[in-house]
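Here you go, one structure.
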Amino acid sequence: MIVLRLDSVIAFLVASFNIAAACTYGEYDKCPNWDPCSKSCAGGRQCRTCESCAWSIDKRFCQNCNEFCYNGHSFYNGRCQCPGWRSGECCEVCRHIYIPYCVTGQQQCGGSPDGIMCTQCEPGYHSGGYNQGCLETDECAAGTSGCAQQCTNTQGSYVCSCLPGYWLWTDKHACIDTDECSAGTSGCAQQCTNTQGSYVCSCLPGYWLWTDKHNCNCKYMYIGTSGSRKVGETAWLTSPMLRPTAFTERCLMFGYNMNGPSIGLLSVYMTAHGEKPGSLLWRMSGDQGQEWKGASVNLSSLEQYQVIIEAVVGNSYFGDIAIDDVTILPRACQQEKGLLIG
(Lines give C-alpha, C1' and ligand atoms only; values in the text may rest on other atoms or scores of the structure.)
Protein backbone atom coordinates (compact mmCIF):
# COMPACT_ATOMS: atom_id res chain seq x y z
CA MET A 1 0.00 0.00 0.00
CA ILE A 2 1.44 3.35 -1.18
CA VAL A 3 0.88 6.20 1.16
CA LEU A 4 1.17 9.71 -0.31
CA ARG A 5 1.87 12.50 1.97
CA LEU A 6 -0.57 15.33 1.54
CA ASP A 7 2.10 18.00 1.59
CA SER A 8 3.95 16.36 -1.32
CA VAL A 9 0.82 16.14 -3.48
CA ILE A 10 0.02 19.73 -2.75
CA ALA A 11 3.56 20.78 -3.69
CA PHE A 12 3.40 18.90 -7.05
CA LEU A 13 0.08 20.44 -7.99
CA VAL A 14 1.28 23.89 -7.11
CA ALA A 15 4.43 23.43 -9.24
CA SER A 16 2.45 22.11 -12.22
CA PHE A 17 0.04 24.98 -12.00
CA ASN A 18 2.89 27.49 -11.94
CA ILE A 19 4.54 25.94 -15.10
CA ALA A 20 1.22 25.82 -16.98
CA ALA A 21 0.56 29.41 -16.05
CA ALA A 22 3.95 30.45 -17.46
CA CYS A 23 3.42 28.73 -20.97
CA THR A 24 1.07 29.62 -23.76
CA TYR A 25 -0.77 26.85 -25.58
CA GLY A 26 1.21 25.55 -28.54
CA GLU A 27 4.59 26.87 -27.40
CA TYR A 28 7.69 24.72 -27.15
CA ASP A 29 10.59 25.43 -24.90
CA LYS A 30 13.21 23.36 -26.72
CA CYS A 31 13.68 23.55 -30.56
CA PRO A 32 16.97 22.48 -32.16
CA ASN A 33 18.38 23.97 -35.41
CA TRP A 34 16.73 23.03 -38.70
CA ASP A 35 17.95 19.93 -40.42
CA PRO A 36 19.96 20.47 -43.67
CA CYS A 37 17.82 21.24 -46.73
CA SER A 38 17.15 18.18 -48.88
CA LYS A 39 18.31 20.10 -52.02
CA SER A 40 20.99 22.69 -52.60
CA CYS A 41 18.73 24.53 -55.11
CA ALA A 42 15.43 24.19 -56.98
CA GLY A 43 13.35 23.84 -53.77
CA GLY A 44 13.84 21.32 -50.94
CA ARG A 45 12.49 20.51 -47.48
CA GLN A 46 14.00 20.78 -43.96
CA CYS A 47 12.56 19.76 -40.55
CA ARG A 48 13.18 19.86 -36.78
CA THR A 49 11.57 18.32 -33.64
CA CYS A 50 10.62 20.56 -30.69
CA GLU A 51 9.66 19.65 -27.07
CA SER A 52 6.52 21.06 -25.40
CA CYS A 53 6.92 23.91 -22.97
CA ALA A 54 4.43 22.58 -20.43
CA TRP A 55 4.21 18.88 -21.12
CA SER A 56 6.89 16.66 -22.43
CA ILE A 57 5.17 16.22 -25.79
CA ASP A 58 7.42 16.40 -28.94
CA LYS A 59 6.26 17.82 -32.24
CA ARG A 60 7.99 17.80 -35.69
CA PHE A 61 7.98 20.93 -37.86
CA CYS A 62 8.98 21.15 -41.65
CA GLN A 63 9.36 24.00 -44.18
CA ASN A 64 10.43 24.70 -47.78
CA CYS A 65 14.04 25.76 -48.43
CA ASN A 66 16.48 26.80 -51.20
CA GLU A 67 13.76 27.93 -53.57
CA PHE A 68 16.17 29.51 -56.03
CA CYS A 69 17.88 28.67 -59.38
CA TYR A 70 21.40 29.21 -60.64
CA ASN A 71 22.40 31.91 -63.14
CA GLY A 72 19.56 34.21 -62.11
CA HIS A 73 16.66 32.15 -63.43
CA SER A 74 13.22 31.97 -61.81
CA PHE A 75 11.76 29.39 -59.41
CA TYR A 76 8.05 28.96 -60.09
CA ASN A 77 5.41 26.28 -59.44
CA GLY A 78 7.84 24.15 -57.49
CA ARG A 79 10.66 24.06 -60.07
CA CYS A 80 13.24 26.15 -61.93
CA GLN A 81 12.16 27.78 -65.17
CA CYS A 82 15.21 27.34 -67.42
CA PRO A 83 15.71 29.04 -70.85
CA GLY A 84 16.56 27.06 -73.97
CA TRP A 85 20.33 27.32 -73.46
CA ARG A 86 20.17 25.98 -69.88
CA SER A 87 19.34 22.51 -68.53
CA GLY A 88 19.64 20.68 -65.22
CA GLU A 89 17.35 20.84 -62.21
CA CYS A 90 18.82 24.17 -61.16
CA CYS A 91 19.57 25.63 -64.67
CA GLU A 92 23.23 24.97 -63.99
CA VAL A 93 24.16 23.25 -67.27
CA CYS A 94 25.01 25.17 -70.49
CA ARG A 95 23.18 23.52 -73.39
CA HIS A 96 24.26 24.30 -76.97
CA ILE A 97 21.47 25.49 -79.25
CA TYR A 98 21.20 26.36 -82.95
CA ILE A 99 22.77 29.73 -83.73
CA PRO A 100 22.84 30.62 -87.45
CA TYR A 101 26.36 30.91 -88.92
CA CYS A 102 27.97 29.63 -85.68
CA VAL A 103 30.65 26.94 -85.94
CA THR A 104 29.40 23.72 -84.34
CA GLY A 105 30.44 23.38 -80.69
CA GLN A 106 31.71 26.95 -80.39
CA GLN A 107 29.28 28.36 -77.81
CA GLN A 108 29.40 29.45 -74.18
CA CYS A 109 26.89 30.54 -71.56
CA GLY A 110 27.29 33.43 -69.16
CA GLY A 111 26.88 37.16 -69.01
CA SER A 112 24.55 39.31 -66.96
CA PRO A 113 21.74 38.69 -67.45
CA ASP A 114 22.47 35.10 -68.34
CA GLY A 115 22.68 34.28 -72.04
CA ILE A 116 24.53 32.28 -74.68
CA MET A 117 27.00 33.44 -77.31
CA CYS A 118 28.86 32.01 -80.28
CA THR A 119 32.61 32.16 -79.75
CA GLN A 120 33.49 31.40 -83.40
CA CYS A 121 31.30 32.38 -86.35
CA GLU A 122 31.63 31.31 -89.96
CA PRO A 123 33.71 33.49 -92.36
CA GLY A 124 31.97 36.76 -93.11
CA TYR A 125 30.30 36.89 -89.68
CA HIS A 126 31.35 37.83 -86.16
CA SER A 127 29.97 37.25 -82.68
CA GLY A 128 27.49 39.85 -81.48
CA GLY A 129 27.89 38.85 -77.82
CA TYR A 130 25.48 37.12 -75.47
CA ASN A 131 22.06 36.45 -77.04
CA GLN A 132 23.03 38.40 -80.19
CA GLY A 133 24.05 35.49 -82.41
CA CYS A 134 26.44 35.90 -85.36
CA LEU A 135 26.27 39.25 -87.14
CA GLU A 136 27.26 39.88 -90.72
CA THR A 137 30.65 41.57 -91.03
CA ASP A 138 30.74 44.62 -93.33
CA GLU A 139 34.35 44.37 -94.45
CA CYS A 140 33.90 47.37 -96.74
CA ALA A 141 32.79 49.72 -93.95
CA ALA A 142 35.33 48.26 -91.54
CA GLY A 143 38.16 48.76 -94.03
CA THR A 144 39.29 45.14 -93.71
CA SER A 145 38.42 43.91 -97.23
CA GLY A 146 41.78 44.71 -98.80
CA CYS A 147 40.09 46.05 -101.96
CA ALA A 148 42.40 48.46 -103.75
CA GLN A 149 39.67 50.78 -105.08
CA GLN A 150 35.99 49.86 -104.70
CA CYS A 151 34.26 47.44 -102.32
CA THR A 152 30.68 46.15 -102.35
CA ASN A 153 29.37 44.29 -99.29
CA THR A 154 27.48 41.04 -99.96
CA GLN A 155 25.75 38.46 -97.73
CA GLY A 156 28.57 37.04 -95.64
CA SER A 157 31.30 38.39 -97.92
CA TYR A 158 32.29 41.27 -100.24
CA VAL A 159 33.31 41.94 -103.85
CA CYS A 160 36.14 44.19 -105.04
CA SER A 161 35.89 46.22 -108.24
CA CYS A 162 37.95 48.84 -110.05
CA LEU A 163 37.41 52.35 -111.34
CA PRO A 164 37.16 52.99 -115.10
CA GLY A 165 40.59 52.66 -116.69
CA TYR A 166 41.63 49.78 -114.41
CA TRP A 167 41.01 46.03 -114.36
CA LEU A 168 40.79 43.62 -111.44
CA TRP A 169 43.89 41.49 -110.87
CA THR A 170 43.65 37.71 -110.44
CA ASP A 171 43.81 38.08 -106.64
CA LYS A 172 40.38 39.76 -106.85
CA HIS A 173 41.65 42.71 -104.80
CA ALA A 174 44.33 44.69 -106.68
CA CYS A 175 43.54 47.02 -109.61
CA ILE A 176 45.88 47.28 -112.60
CA ASP A 177 46.00 50.22 -114.97
CA THR A 178 44.47 49.45 -118.38
CA ASP A 179 46.70 50.45 -121.30
CA GLU A 180 43.98 51.42 -123.76
CA CYS A 181 46.60 52.54 -126.27
CA SER A 182 48.29 49.14 -126.52
CA ALA A 183 44.97 47.32 -126.39
CA GLY A 184 43.62 49.40 -129.27
CA THR A 185 40.49 50.31 -127.34
CA SER A 186 41.13 54.04 -126.88
CA GLY A 187 39.41 55.15 -130.07
CA CYS A 188 42.15 57.72 -130.73
CA ALA A 189 42.25 58.51 -134.44
CA GLN A 190 46.01 59.15 -134.64
CA GLN A 191 48.14 59.19 -131.48
CA CYS A 192 47.48 57.76 -128.01
CA THR A 193 49.37 58.29 -124.75
CA ASN A 194 48.53 56.06 -121.79
CA THR A 195 48.07 57.70 -118.38
CA GLN A 196 47.32 56.28 -114.95
CA GLY A 197 43.74 55.06 -115.17
CA SER A 198 43.09 56.72 -118.52
CA TYR A 199 44.65 57.91 -121.80
CA VAL A 200 45.08 61.06 -123.90
CA CYS A 201 44.55 61.34 -127.65
CA SER A 202 46.62 63.75 -129.75
CA CYS A 203 47.09 64.59 -133.41
CA LEU A 204 49.99 64.75 -135.81
CA PRO A 205 51.29 68.08 -137.17
CA GLY A 206 48.77 69.65 -139.51
CA TYR A 207 45.80 68.25 -137.58
CA TRP A 208 43.89 69.46 -134.55
CA LEU A 209 41.98 67.51 -131.93
CA TRP A 210 38.22 67.50 -132.38
CA THR A 211 35.91 68.41 -129.49
CA ASP A 212 35.26 64.72 -128.78
CA LYS A 213 38.95 64.45 -127.69
CA HIS A 214 39.49 61.48 -130.02
CA ASN A 215 39.27 62.55 -133.64
CA CYS A 216 41.65 64.72 -135.64
CA ASN A 217 40.65 67.37 -138.22
CA CYS A 218 42.87 69.11 -140.80
CA LYS A 219 42.69 72.69 -141.88
CA TYR A 220 40.72 73.97 -144.83
CA MET A 221 42.43 73.04 -148.15
CA TYR A 222 41.62 73.61 -151.82
CA ILE A 223 43.05 73.35 -155.30
CA GLY A 224 42.41 76.23 -157.68
CA THR A 225 42.19 75.96 -161.48
CA SER A 226 43.26 79.47 -162.42
CA GLY A 227 46.73 80.72 -163.28
CA SER A 228 49.32 78.16 -164.32
CA ARG A 229 47.29 75.07 -163.47
CA LYS A 230 47.14 72.46 -166.22
CA VAL A 231 44.45 69.94 -167.06
CA GLY A 232 44.99 66.70 -165.12
CA GLU A 233 47.30 68.16 -162.45
CA THR A 234 46.78 66.53 -159.03
CA ALA A 235 47.06 67.56 -155.39
CA TRP A 236 47.33 65.03 -152.56
CA LEU A 237 46.41 65.35 -148.90
CA THR A 238 48.24 62.41 -147.30
CA SER A 239 47.59 61.23 -143.76
CA PRO A 240 50.33 59.95 -141.45
CA MET A 241 50.59 56.20 -140.88
CA LEU A 242 47.46 55.20 -139.00
CA ARG A 243 46.97 52.33 -136.57
CA PRO A 244 45.32 49.11 -137.85
CA THR A 245 41.55 49.10 -137.53
CA ALA A 246 41.60 45.48 -136.23
CA PHE A 247 38.06 44.13 -136.36
CA THR A 248 36.29 47.49 -136.13
CA GLU A 249 36.00 49.72 -139.19
CA ARG A 250 36.67 53.45 -138.96
CA CYS A 251 34.83 56.23 -140.68
CA LEU A 252 36.54 58.96 -142.72
CA MET A 253 34.30 62.01 -142.89
CA PHE A 254 34.93 65.32 -144.61
CA GLY A 255 33.17 68.23 -146.24
CA TYR A 256 33.76 69.14 -149.88
CA ASN A 257 32.85 71.90 -152.33
CA MET A 258 33.01 71.30 -156.12
CA ASN A 259 31.54 74.35 -157.86
CA GLY A 260 32.02 75.21 -161.52
CA PRO A 261 31.46 73.86 -165.06
CA SER A 262 34.92 72.35 -165.43
CA ILE A 263 35.35 70.52 -162.14
CA GLY A 264 37.73 67.56 -162.24
CA LEU A 265 37.85 64.64 -159.79
CA LEU A 266 37.94 64.30 -156.00
CA SER A 267 39.03 60.82 -154.84
CA VAL A 268 39.90 58.93 -151.63
CA TYR A 269 42.55 56.19 -151.64
CA MET A 270 44.00 53.82 -149.03
CA THR A 271 47.54 52.45 -149.14
CA ALA A 272 49.07 49.94 -146.73
CA HIS A 273 52.33 49.00 -148.48
CA GLY A 274 53.66 52.31 -149.73
CA GLU A 275 52.18 52.22 -153.23
CA LYS A 276 50.70 55.54 -154.26
CA PRO A 277 47.95 56.48 -154.46
CA GLY A 278 46.70 52.97 -153.46
CA SER A 279 43.24 51.44 -153.61
CA LEU A 280 40.36 53.68 -154.66
CA LEU A 281 37.65 53.93 -151.98
CA TRP A 282 35.53 56.89 -153.05
CA ARG A 283 35.26 59.36 -155.98
CA MET A 284 33.18 62.40 -156.96
CA SER A 285 33.34 64.35 -160.25
CA GLY A 286 31.68 67.28 -161.94
CA ASP A 287 29.85 70.36 -160.70
CA GLN A 288 28.13 69.71 -157.35
CA GLY A 289 26.74 73.21 -156.85
CA GLN A 290 27.62 76.05 -154.54
CA GLU A 291 26.74 74.34 -151.24
CA TRP A 292 29.14 72.30 -149.17
CA LYS A 293 28.39 68.59 -149.04
CA GLY A 294 29.53 65.80 -146.76
CA ALA A 295 31.19 62.49 -147.54
CA SER A 296 31.77 59.40 -145.40
CA VAL A 297 34.06 56.49 -146.28
CA ASN A 298 34.63 53.24 -144.34
CA LEU A 299 38.28 52.37 -143.57
CA SER A 300 39.38 48.82 -142.80
CA SER A 301 42.93 47.45 -142.59
CA LEU A 302 44.70 44.85 -140.48
CA GLU A 303 47.97 46.72 -141.07
CA GLN A 304 49.14 50.28 -140.64
CA TYR A 305 47.82 52.41 -143.48
CA GLN A 306 47.59 55.88 -144.98
CA VAL A 307 44.66 57.76 -146.47
CA ILE A 308 45.20 59.93 -149.57
CA ILE A 309 42.65 62.50 -150.69
CA GLU A 310 43.36 63.43 -154.30
CA ALA A 311 42.02 66.38 -156.30
CA VAL A 312 42.44 66.48 -160.10
CA VAL A 313 42.20 69.71 -162.14
CA GLY A 314 39.44 69.79 -164.77
CA ASN A 315 39.62 70.87 -168.43
CA SER A 316 39.52 74.64 -167.79
CA TYR A 317 39.95 77.20 -165.07
CA PHE A 318 36.22 77.43 -164.21
CA GLY A 319 35.96 75.39 -161.01
CA ASP A 320 37.86 74.90 -157.72
CA ILE A 321 37.82 71.86 -155.38
CA ALA A 322 37.94 72.42 -151.60
CA ILE A 323 37.78 70.11 -148.56
CA ASP A 324 37.32 70.84 -144.87
CA ASP A 325 36.67 69.18 -141.47
CA VAL A 326 38.49 65.95 -142.30
CA THR A 327 37.75 63.53 -139.45
CA ILE A 328 38.36 59.83 -138.76
CA LEU A 329 35.81 58.37 -136.32
CA PRO A 330 36.48 55.13 -134.38
CA ARG A 331 33.40 53.41 -135.81
CA ALA A 332 31.99 52.30 -139.14
CA CYS A 333 29.95 54.69 -141.29
CA GLN A 334 27.42 54.26 -144.05
CA GLN A 335 29.14 54.95 -147.37
CA GLU A 336 27.10 57.09 -149.71
CA LYS A 337 25.57 55.10 -152.55
CA GLY A 338 26.54 55.81 -156.15
CA LEU A 339 29.70 57.76 -155.29
CA LEU A 340 32.29 55.04 -155.92
CA ILE A 341 33.40 54.91 -159.53
CA GLY A 342 35.51 51.99 -160.77
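Please return the ranges of strands (runs of 3 or more DSSP E) entirely within segment 243-288 where 2 or more residues are open to solvent by 30 Å² or more (accessible area, probe 1.4 Å).
Working: elements: 250-259, 265-271, 279-285.
Hits in segment 243-288: 250-259, 279-285.
Has segment 166-179 got at least one residue that is touching a His at 6+ places or on another chain (Cβ under 9 Å), surrounded by 15 or more Cβ atoms within 10 Å (Cβ to Cβ) and not small (Gly, Ala, Ser)?
There is no residue in segment 166-179 that is touching a His at 6+ places or on another chain (Cβ under 9 Å), surrounded by 15 or more Cβ atoms within 10 Å (Cβ to Cβ) and not small (Gly, Ala, Ser).
Could you tell me whether Gly133 is open to solvent by less than 50 Å² (accessible area, probe 1.4 Å) and in contact with a helix residue (DSSP H, G or I) (Cβ under 9 Å, 6 or more places away or on another chain)?
It is false that Gly133 is open to solvent by less than 50 Å² (accessible area, probe 1.4 Å) and in contact with a helix residue (DSSP H, G or I) (Cβ under 9 Å, 6 or more places away or on another chain).
If you don't mind, another one. Contact list please: Cβ distance under 9 Å, first residue in segment 232-248 and in contact (Cβ under 8 Å) with a residue 12 or more places away in the chain, second residue basic (Lys, Arg), pairs at least six apart or on different chains.
Note: pairs meeting the criteria are Trp236/Lys276; Thr238/Lys276; Leu242/Arg250; Thr248/Arg331.
Out of Cys109, Cys147, report the one residue that is surrounded by 17 or more Cβ atoms within 10 Å (Cβ to Cβ), touching a helix residue (DSSP H, G or I) at 6+ places or on another chain (Cβ under 8 Å) and in a strand (DSSP E or B).
None of the other options fit; the residue is Cys109.
Of the residues that make up segment 266-277, is at least one modelled with pLDDT of 90 or more, in contact with a His (Cβ under 9 Å, 6 or more places away or on another chain) and among the hydrophobic types (A, V, I, L, M, F, W, C)? I'd like the intermediate steps shown before the answer.
Taking segment 266-277 and keeping what is modelled with pLDDT of 90 or more, we get 266-271.
Now drop any that are not in contact with a His (Cβ under 9 Å, 6 or more places away or on another chain), which leaves none.
Within segment 266-277, none of the residues are modelled with pLDDT of 90 or more, in contact with a His (Cβ under 9 Å, 6 or more places away or on another chain) and among the hydrophobic types (A, V, I, L, M, F, W, C).
Can I ask one more? If we keep just the residues of segment 150-173 that are of a type in the set (Gly, Ala, Ser) and not in a strand (DSSP E or B), which is modelled with the highest pLDDT?
Among residues in segment 150-173 that are of a type in the set (Gly, Ala, Ser) and not in a strand (DSSP E or B), the one modelled with the highest pLDDT is Gly165.
Only residues that are without any contact (Cβ under 8 Å) to a residue 12 or more places away in the chain, assigned to a loop (DSSP other than H, G, I, E, B) and either among the basic types (Lys, Arg) or surrounded by 11 or more Cβ atoms within 10 Å (Cβ to Cβ) (or both): list them for segment 56-87, please.
none
The values are calculated or read from the model by the stated rules, or taken from the named source; none is laboratory data. Just so it is clear, the model here is predicted, and its values are computed rather than measured. Note: ideal-geometry Cβ built from the backbone for every residue, glycine included; neighbour counts use all protein chains shown. All accessible areas refer to the heavy atoms of the entire protein, side chains included, with ligands and DNA or RNA removed. Shrake-Rupley method; radii C 1.70, N 1.55, O 1.52, S 1.80 Å.
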